[in-house]
Amino acid sequence: MTKAILITGCSTGIGRAAAHLFAKRGFSVTATMRRTEDAGDLAAAENVRVEPLDVVDVASVERAVAKTLGAFGRLDVVVNNAGFGAFGPFETATPELIERQIGTNLIGVFNVTRAALPTMRAQKSGVIVNISSIGGLTTFPLNAIYHATKYAVVGFTEDLNYELAPFGIRAKVVAPGGVATDFATRSLSLTFQGDGGPYADTIAKVAATFQSRAAAGGHSKPEAIAETIFEAATDDLPHVLYVAGPDAIALLERRAKMTDGDYLKMMRDNFGLSS
């Protein structure tokens, strides 16, 4: 029996890598994105269907799920990968940006999950894999809105297991560290205009630190994160959290040995924010 998977956010990065990986390993794949003209090599990939899907548009979500069922007759795995980052002070974020951040990163996960569950309940099997972030388990300066959504995804995913276990459905969450994608450019929105006004000094220091770290390399490739997603989707284990990337693993291990105060001081020091 060939299993079927629907993945959101496949126009680039982790989503695209995951679509290729699952297809190569025998899954029938629905690779979704807001604009199908961004499909690139997925459009011609074997075992892959490209469908439009905007996670904040419920009708769009339901159409993509229905087309997956029409094509494959089942839906075994959903990977909620679509998302973007909001960088900058919370105070200067517009209500529109806050709504869009929560809508895409959290409500979108709700929409796709809810659309998939009736089929999975009828099958008495299925796996929901939600992509959070190291930013759903610990924090970095000037990412408050992003962290709020990614922490919520972790809690939502863990709790789903209570209600879905009787139907043979599992929920997993993958938390990547730094990934060598265009997330910090194409998928990043700023909460401020100009230099940030009263927050200008903090913004300059934090942005410079992030840029220097990105330039130094060391981030995981999307293909490596896709391997962890595949593991979460197929290992048949009761694990919920899958931390992906050596940087994420190392940071969490370090924080586990520190008090909250010591961690905050370490991060302020690392980003040049110590008074």
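The values are calculated or read from the model by the stated rules, or taken from the named source; none is laboratory data. These numbers were taken from a predicted model, which means no experiment stands behind them. Cβ atoms come from the backbone with ideal geometry, glycine included; neighbour counts cover every protein chain shown.
Identify, please: which residue in region 162-176 is charged (D, E, K, R) and over 21 Å from Thr138 (Cβ atoms) and is, among those, nearest to the chain's Cα centre (by Cα)?
The first filter runs over region 162-176 and keeps only residues charged (D, E, K, R), leaving 163, 170, 172.
Narrowing further to those that are over 21 Å from Thr138 (Cβ atoms): 163, 170.
Values: Glu163: 22, Arg170: 17 Å.
Going through the qualifying residues, I end up with Arg170.
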Next item on the list: Can you confirm whether region 77-87 contains a residue that is of a type in the set (Gly, Ala, Ser), more than 17 Å from Glu223 (Cα to Cα) and in contact with a strand residue (DSSP E or B) (Cβ under 6 Å, 6 or more places away or on another chain)?
Entry: yes
Check: Somewhere in region 182-195, is a residue modelled with pLDDT of 95 or more, within 21 Å of Val77 (Cβ to Cβ) and part of a strand (DSSP E or B)?
Finding: no
Next item on the list: Hey, could you check region 1-28 for residues that are over 18 Å from the mean Cα position of the chain (by Cα) and in a strand (DSSP E or B) and say which is farthest from Val56 (Cα to Cα)?
Entry: Ser28
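Of all residues in region 212-233 being touching a residue at least 40 places away in the same chain (Cβ under 8 Å) and surrounded by fewer than 18 Cβ atoms within 10 Å (Cβ to Cβ), which is nearest to Pro141 (Cα to Cα)?
Across region 212-233, the extreme among qualifying residues is Gly218.
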Notebook entry, point to check: Among Ala66, Ala43, Ala82, Ala71, which is in contact with a helix residue (DSSP H, G or I) (Cβ under 7 Å, 6 or more places away or on another chain) and either of a type in the set (A, V, I, L, M) or surrounded by 20 or more Cβ atoms within 10 Å (Cβ to Cβ) (or both)?
Noted result: Ala82
Margin query: If I filter region 65-74 for residues that are under 15 Å from the mean Cα position of the chain (by Cα) and either closer than 26 Å to Glu163 by Cβ or among the charged types (D, E, K, R) (or both), do I get at least one hit?
Written below: no
Checklist line | When residues of region 46-63 are limited to those that are more than 21 Å from the chain's Cα centre (by Cα) and farther than 24 Å from Arg114 by Cβ, the one surrounded by the fewest Cβ atoms within 10 Å (Cβ to Cβ) | finding: Glu46
